[in-house]
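Worksheet for the structure shown next.
The values are calculated or read from the model by the stated rules, or taken from the named source; none is laboratory data. Please read these numbers as outputs of a predicted model, since none were measured by experiment. Because the Cβ atoms are built from the backbone with ideal geometry, glycine has one as well, and the counts that use them run over all protein chains shown. Heads up: the accessible areas ignore ligands, DNA and RNA and are worked out on the full protein's heavy atoms, side chains in. Shrake-Rupley method; radii C 1.70, N 1.55, O 1.52, S 1.80 Å.
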Amino acid sequence: AGIGKCVALDLARGGARTILACRNRERGGGAVEEIRAATGNPGGVLRLLDTSSLASVGGFAQAVLREEKRLDVLVNNAGVTGLPLGGTPEGLEKTFATNWGGPFLLTNLLLG
């Protein structure tokens, strides 16, 4: 939803293969189908990713590096606000992990 969906839509309109990294399979799948229908570009795929989980980030990065020939653009726009104070299984504060820690780790892992 929001900025991420708009960016993916614009990239797909330009012919790009897009990977939508989403926490929710149903919402993410709906976004992929909507982008395919709006652009006629069948190249959009859904991959599950929870940036608050370092394990999820690591698994996602490994899959992208294994499955994709190249990665030209990475848009980190996952974010949450207003969450009650809480932690992740790795011991990080959840808002920090989602908004900064996970995207930072993802970027570094995808650099190879």
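As a fraction of the 1.4 Å probe accessible area of the chain, surface on carbon and sulfur atoms comes out at 57 percent. Converting phi to 3J(HN,Hα) with the Karplus coefficients 6.51, -1.76 and 1.60 and the offset θ = phi - 60°, region 77-86 yields 9, 5, x, 9, 8, x, 6, x, 4, x Hz in sequence order, with x at every glycine or proline.
Summed over the residues of the chain and divided among them, the accessible surface reaches 63 Å² per residue at a probe radius of 1.4 Å. Summing Lys and Arg as +1 and Asp and Glu as -1 over all other residues whose Cβ lies under 10 Å from the Cβ of Ala97 gives a net charge of -2. Protection proxy ranking, highest mean first, for peptides 75-86, 44-55: 44-55, 75-86, where packing is the per-residue count of other beta-carbon atoms within 10 Å, averaged. Comparing Pro84, Gly15, Ala63 along the charge dipole axis of region 1-96, the residue lying farthest to the positive side is Gly15, per the Cβ-charge model.
Relative to the Cα centre, the charge distribution of the chain, modelled as +1 at Lys and Arg Cβ and -1 at Asp and Glu Cβ, gives a dipole magnitude of about 220 debye.
Distance from the C-alpha centroid of region 67-81 to that of region 1-62: 9 Å, rounded to the whole angstrom.
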